[in-house]
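Before any comments, here is the structure.
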Amino acid sequence: MEKFKPLPSLPAPVKTTGIIGWLRTNLFSSPLNSVMSLILGYIVLSLLIPAINWAFVKADWFGTSRDACTSGGACWVFITSRFSQFIYGFYPETEYWRVDTTFVVLAASLAWLMINHLPWKKWVSIFAVFVFPFVAYVLLHGGHFGLMEVETHRWGGFMLTLVIAVVGIAAALPLGILLALGRRSQMPVIKSFCVVFIEVWRGVPLITVLFMASVMLPLFVPQDITFDKLLRALIGITLFQSAYMAEVVRGGLQAIPKGQYEAADALGLSYWRSMSMIILPQALKMMIPGIVNTFIALFKDTSLVLIIGLFDLLAIVQAALTDPKWLGFSTEGYVFVALMFWVFCFGMSRYSQHLERKLHTGHKR
Amino acid sequence: MSSEAKKPQAHSTMPNNKPLFWNDPEKRALFFQALLILAVGGAIWIIVDNTLANLEQRGITTGFDFLSKPAGFGILQSLIEYNEQESYGRTFIVGLLNTLLVSGIGIALATLLGFVIGVARLSHNWLISRLALVYIEIFRNIPLLLQIFFWYFAVLRALPNAKQSLSIGESVFLNIRGLYIPSPVFEAGSSIILIALITGVIASFFVSRWAHKRQDDTGQIFPTTWVNLGLIVGLPVIAFFISGSPVSLEYPELKGFNFRGGITVIPEFLALLVALSIYTAAFIAEIVRSGIQSVHHGQTEAAHALGLPHGRTLKLVIIPQAMRVIIPPLTSQYLNLTKNSSLATAIGYPDLVSVFAGTTLNQTGQAVEIIFITMAVYLLISLLISVFMNWYNKRMSLVER
């Protein structure tokens, strides 16, 4: 008797595989879907093609004045000819290397901490937290070690945006940790003080905080102490941000199982020891995505400093748009600023999502 | 229980081991709290002292007398009667109303747009869900202020002047000076329509209650939505025709260089509203998406197994559970939108910050009082919205055992 042999299996129907199958399931699965796909596709194409034409095909890229823009598309000459001003503000051109060095060192130490399996992380983090701020101040502000002094009113552009965002988040974190610990404290006075402090700052818009910092702060101190405009903005932003940070920290603290607190107490550790050795190391790890999200919000909010007269990236582009030689290029200017902010914010939000997935292991049960 | 039993024993074996003063947690707590009160009190005292000295030196008066003095400046848009002779106190109210107007309409538009895009993000149609994703990722990663500037300076400032206005029919016009739409004119007898509307709303409320009770008792379903729609829309329309159409529309007309008549929406308001709605909608869309995804697929299958049709599954099973997840973060987005409306000051829309903490502050110089009032108002608005949304959340949350 002949052994039974199954027939060779047929290939899957053409309708369900390859490009046709993908189109059928994702775009044309029902008559209604087909109609919507066609209409939307038409709208997208009819918007996208002119936009690409404007931004790339018909655009002019290099030159020195608006006369270079002849092709009828976007005039990127406006950006390229002022690029260094948009990045460094009014920082003296011979001193650009100082800004570059500062941010390269910052980026390098952050990258070192973010990449897995690199050695000496402890020392790099000690450097980033305790040494780097002084190095950055000396480099950016100057006035010591033979470096030319550059007053803060000459800082501007994207560099100022980064300075405000980084200082704001770095100064707000320790304050936020203290506030969050205070909010979870058993002592009624400390608890209510922290609750009121946090809720007041979270309840008011950043603009009023900046107004307060720029108008009222000089009134609060004796006449002979004067505040730099940038320092005033930084104080306002730090206070404001510390309240948001405190809520992120509180979320992290609440996520630690109660057993950890009890175990620390059972070992006879004092409050500060149990916090710094048991609770915070675990909580901080889980808070990193929240901190990154707060940083993204702060990074976008730095653009508000233009209202109190500081020239961050948006403000300096806005000022350049009113230059009579370059009137009418607002779209190019805004697209450039939007792209700068978008690249940073999108990158950071992707990083925080990646972290969330990575860290979502230990405490999930 | 065992620890309680052991306590006195421990004390009896170590009678002299009472903790030292600085090791007793209770006394320590008292000490630290007293220290905090002293520190905060001292800081406030120093600040008040310095401020009074500084104000005196600069010759700035203190107190709230300035609120009744004449303001002497005009305001671009006002919901109540306002002219330059009115008091500074009045400018506060005008600014506050403008803030509430733009926040209220903004919240409604952002919610609508956000829900549509959040649902579109979950569509099985690849193109629709990708477009929703692109929308979300673009608009939430660009600073709001930049978006406001874009809509104001790059879009609305680039519109043609009044003579070359863009128009829909001969009733809606858009030009560099703003948007012109027809306004309703209420003539004698139009109050009947209002009465009809109120009657319709009240009647629909009772119809819903009755229908609910009947469904509980008998299991029969009453088409509540259609009946209520008929009551709320139908009654005023019938009243409108019975009373001889007492409401007419006044159309904007081009006279000289500008439009007269109708309602004028200033470009500052338009730019702020569009930017706020689009920006916040991106966040709301993400909230809606995660809320709907948080409802387990088994819930849909169970509802279908019970024989509920698709619409009823959504209404009775999916949405109530999703709302529970959606509402808390939605509240904070509403609060954000209200606070972000203060960015109006950058383009000169006359909101609270721009009018009161801007022009009024510059004219009177009374920074402390004005900033204090402004912050207090925002705090109050935040508290009110949180209280309302907490109440709503409590109503929506599932009652568990």
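The values are calculated or read from the model by the stated rules, or taken from the named source; none is laboratory data. Since the model is a prediction, treat every value here as computed from it, not as a measurement. Cβ: placed from backbone, ideal geometry, glycine included. Neighbour counts: every protein chain shown. Just so you know, the surface numbers come from the protein's heavy atoms only, side chains and all, with ligands and any DNA or RNA stripped out. Shrake-Rupley method; radii C 1.70, N 1.55, O 1.52, S 1.80 Å.
Worth pointing out:
- Selection count where residues are among the hydroxyl-bearing types (S, T, Y) and in contact with a helix residue (DSSP H, G or I) (Cβ under 8 Å, 6 or more places away or on another chain), scope region A:1-24: 1
- Being open to solvent by less than 10 Å² (accessible area, probe 1.4 Å) and either of a type in the set (F, W, Y) or within 29 Å of B:R58 (Cα to Cα) (or both) is a property that does not hold for B:T345.
- Enumeration of residues in region A:59-89 that are farther than 15 Å from A:W326 by Cα, under 28 Å from the mean Cα position of the chain (by Cα) and hydroxyl-bearing (S, T, Y): A:S84, A:Y88
- Criterion violated by A:S185 - all others in (1) small (G, A, S); (2) under 30 Å from A:P289 (Cα atoms); (3) not in a loop (DSSP other than H, G, I, E, B) satisfied: (3)
- Top-ranked residue of region B:137-169 - restricted to ones that are small (G, A, S) and more than 7 Å from chain A (Cβ to nearest Cβ), ranked as surrounded by the most Cβ atoms within 10 Å (Cβ to Cβ): B:S165
- Meets criteria (open to solvent by less than 60 Å² (accessible area, probe 1.4 Å) and within 14 Å of another protein chain (Cβ to nearest Cβ)) for A:F28: no
- Residue check, B:V40 out of contact with any His (no Cβ under 6 Å at 6 or more places or on another chain) and within 13 Å of chain A (Cβ to nearest Cβ): yes
- Among the residues of region A:131-163, those that are assigned to a loop (DSSP other than H, G, I, E, B) and open to solvent by 20 Å² or more (accessible area, probe 1.4 Å) comprise A:G143, A:H144, A:F145, A:G146, A:L147, A:M148, A:E149, A:E151.
- When A:V215, A:V189, A:V200, A:V196 are checked against the criterion of being open to solvent by 50 Å² or more (accessible area, probe 1.4 Å), within 10 Å of chain B (Cβ to nearest Cβ) and farther than 28 Å from A:V99 by Cβ, a single residue qualifies: A:V200.
- For region A:205-220, the set of residues classified as more than 14 Å from B:E56 (Cα to Cα) and without any contact (Cβ under 8 Å) to a residue 12 or more places away in the chain consists of A:P205, A:T208, A:V215, A:M216, listed by residue number.
- Residues considered: B:L384, B:L379. Of these, the only one that is without any contact (Cβ under 8 Å) to a residue 40 or more places away in the chain, open to solvent by 50 Å² or more (accessible area, probe 1.4 Å) and aliphatic (A, V, I, L, M) is B:L384.
- Residue match in region B:53-68 (condition: more than 30 Å from A:P222 (Cα to Cα) and either modelled with pLDDT under 90 or surrounded by 11 or more Cβ atoms within 10 Å (Cβ to Cβ) (or both)): yes
- Of all the criteria given as (1) out of contact with any helix residue (DSSP H, G or I) (no Cβ under 8 Å at 6 or more places or on another chain); (2) at pLDDT 90 or above, the one not satisfied by B:N362 is (2).
- Scanning region A:159-186 for residues that are of a type in the set (S, T, N, Q) and either in contact with a strand residue (DSSP E or B) (Cβ under 6 Å, 6 or more places away or on another chain) or away from chain B (no Cβ under 12 Å) (or both) yields one hit, A:T161.
- Residue match in region A:59-75 (condition: among the aromatic types (F, W, Y) and either more than 19 Å from A:G328 (Cα to Cα) or within 14 Å of another protein chain (Cβ to nearest Cβ) (or both)): no
- Taking region B:259-357 and the helices (runs of 4 or more DSSP H) fully enclosed by it, the elements with 2 or more residues that are within 14 Å of another protein chain (Cβ to nearest Cβ) are at B:267-293, B:319-340.
- Qualifying residue in region A:275-292 (condition: of a type in the set (K, R) and modelled with pLDDT under 85): yes
- Contacts under 8 angstrom Cβ, first residue in region A:1-23 being assigned to a helix (DSSP H, G or I), partner among the β-branched types (V, I, T) and open to solvent by 100 Å² or more (accessible area, probe 1.4 Å), 6 or more apart: A:I20/A:V14; A:G21/A:V14
- Close contacts from region A:166-188, counting a first residue that is without any contact (Cβ under 8 Å) to a residue 24 or more places away in the chain and a second that is of a type in the set (K, R) and open to solvent by 40 Å² or more (accessible area, probe 1.4 Å), with Cβ to Cβ under 9 Å and a gap of 6+ residues or different chains, come to A:G182/A:K191; A:S185/A:K191.
- Per-region count, region A:53-93, residues in contact (Cβ under 8 Å) with a residue 24 or more places away in the chain and in a helix (DSSP H, G or I): 8
- Qualifying residue in region B:280-298 (condition: within 24 Å of B:G358 (Cβ to Cβ) and at pLDDT 90 or above): yes
- Search result, residues across region B:49-77 that are within 11 Å of another protein chain (Cβ to nearest Cβ) and touching a Phe, Trp or Tyr at 6+ places or on another chain (Cβ under 9 Å): B:N50, B:T51, B:N54
- B:A158 being within 30 Å of A:M340 (Cα to Cα) and more than 28 Å from the chain's Cα centre (by Cα): yes
- Some residue of region B:109-131 being within 28 Å of the chain's Cα centre (by Cα), surrounded by 17 or more Cβ atoms within 10 Å (Cβ to Cβ) and farther than 30 Å from B:V295 by Cβ: no
- Of the candidates A:W112, A:W120, the single residue that is in contact with a Lys or Arg (Cβ under 8 Å, 6 or more places away or on another chain) and either surrounded by 19 or more Cβ atoms within 10 Å (Cβ to Cβ) or hydrophobic (A, V, I, L, M, F, W, C) (or both) is A:W112.
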